[in-house]
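Below is one structure; the comments refer to it alone.
The values are calculated or read from the model by the stated rules, or taken from the named source; none is laboratory data. In this text, all values refer to a predicted model and were calculated from it rather than measured experimentally. Heads up, the Cβs are rebuilt from the backbone with ideal geometry, glycines too, and the neighbour counts pull from every protein chain shown.
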Ligand code: IP8
């Protein structure tokens, strides 16, 4: 069974470039149940943390009550299709609006965000590796690229939702950051329905053999998808952590590589 000890250290010996890839979950930076409502208090406290970090960093953010609200209304999914073009415009605009709120919060806190739409480094759903490498160059130079889940043009009149979680895997596989952190609105991955036990550490084997039901994972709100993406990233040899983004000290500890509270998806030795 996965470990449930109270806290643990990230294996710093495995760190490489020093780049940190950080996802601000939509449920952290917005109030998901109320359409188009940013959680400004949270945006501001995360912004202050980012301003205090002196490490190369790339931020991806989710859609929360902005992008998800409109994509549900216009029945748009992660499958390329001919969606209502009004919906395409509205979803895209809402993500730009949320990105602007976040970027403004970051600037006001003294960070140096540099907003980058996914279409800059993605050709539809395919990564443009050279463009992704530019994001790392920007981060190493001291600015913080901030990108986001979006609706992307695929071909002709086909568009697709590209989630921020999928972007995390794409960026991680291209850049092999030292650390990948998902900020979520819960304390980590819960072990079972009805218990408050957080799974402290999992890897591919323990996850597949453990008795998490799909229902359990769904109850934690989109956690299943994060774990699946996290396992893909861990397969590239990178530790992935899930941390409660509403608890600033935990976020800071995870970024700084100190003991942190949350779930660690332990890296696998790199294949090939
Ligand atoms: O919140 C979704 O990104 P996510 C983006 O990371 C849109 O799944 C446009 C719904």
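Apart from one condition, residue 13 fits all of (1) within 15 Å of the ligand (Cβ to nearest atom); (2) modelled with pLDDT under 95; (3) part of a helix (DSSP H, G or I); the exception is (1). Say whether the condition of being part of a strand (DSSP E or B) and either modelled with pLDDT of 90 or more or closer than 17 Å to residue 243 by Cβ (or both) is met by at least one residue in region 26-42. The answer is yes, given that some residue of region 26-42 is part of a strand (DSSP E or B) and either modelled with pLDDT of 90 or more or closer than 17 Å to residue 243 by Cβ (or both).
Could you look through region 146-188, keep only residues that are more than 16 Å from the ligand (Cβ to nearest atom) and part of a strand (DSSP E or B), and pick out the one that is surrounded by the most Cβ atoms within 10 Å (Cβ to Cβ)?
Our first condition is that a residue be more than 16 Å from the ligand (Cβ to nearest atom); within region 146-188, this holds for 155-157, 173-179, 187-188.
Adding the requirement that they be part of a strand (DSSP E or B) leaves 155, 179.
Values: 155: 10, 179: 24.
Out of the qualifying residues, it is 179.
Considering every residue within region 90-113, establish whether at least one is over 27 Å from residue 143 (Cβ atoms), within 13 Å of the ligand (Cβ to nearest atom), out of contact with any strand residue (DSSP E or B) (no Cβ under 8 Å at 6 or more places or on another chain) and part of a helix (DSSP H, G or I). Full working, then the answer.
At the first step, the residues of region 90-113 found to be over 27 Å from residue 143 (Cβ atoms) are 90.
Filter once more, so that each one left must be within 13 Å of the ligand (Cβ to nearest atom): 90.
With out of contact with any strand residue (DSSP E or B) (no Cβ under 8 Å at 6 or more places or on another chain) added as a condition, the list becomes 90.
Pick out the ones that are also part of a helix (DSSP H, G or I) and you get 90.
Yes, there is a match, as at least one residue in region 90-113 is over 27 Å from residue 143 (Cβ atoms), within 13 Å of the ligand (Cβ to nearest atom), out of contact with any strand residue (DSSP E or B) (no Cβ under 8 Å at 6 or more places or on another chain) and part of a helix (DSSP H, G or I).
Among the residues making up region 47-75, those that are closer than 25 Å to residue 89 by Cβ and part of a helix (DSSP H, G or I) are 64, 65, 66, 67, 68, 69, 70, 71, 72, 73. Of note, residue 143 satisfies the criterion of being modelled with pLDDT of 95 or more, away from the ligand (no atom under 16 Å from the Cβ) and in contact with a strand residue (DSSP E or B) (Cβ under 8 Å, 6 or more places away or on another chain).
Listed residues 105, 62, 110; which is at pLDDT 95 or above, loosely packed, with under 13 Cβ neighbours inside 10 Å and in contact with a helix residue (DSSP H, G or I) (Cβ under 8 Å, 6 or more places away or on another chain)?
Details: 105 fails: loosely packed, with under 13 Cβ neighbours inside 10 Å; 62 fails: loosely packed, with under 13 Cβ neighbours inside 10 Å.
Among 105, 62, 110, only 110 is at pLDDT 95 or above, loosely packed, with under 13 Cβ neighbours inside 10 Å and in contact with a helix residue (DSSP H, G or I) (Cβ under 8 Å, 6 or more places away or on another chain).
Among the residues of region 260-272, those that are at pLDDT below 85 and either loosely packed, with under 13 Cβ neighbours inside 10 Å or assigned to a loop (DSSP other than H, G, I, E, B) (or both) comprise 269, 270, 271, 272.
Out of 98, 85, one residue alone is surrounded by fewer than 20 Cβ atoms within 10 Å (Cβ to Cβ) and over 19 Å from residue 181 (Cβ atoms). It is 85.
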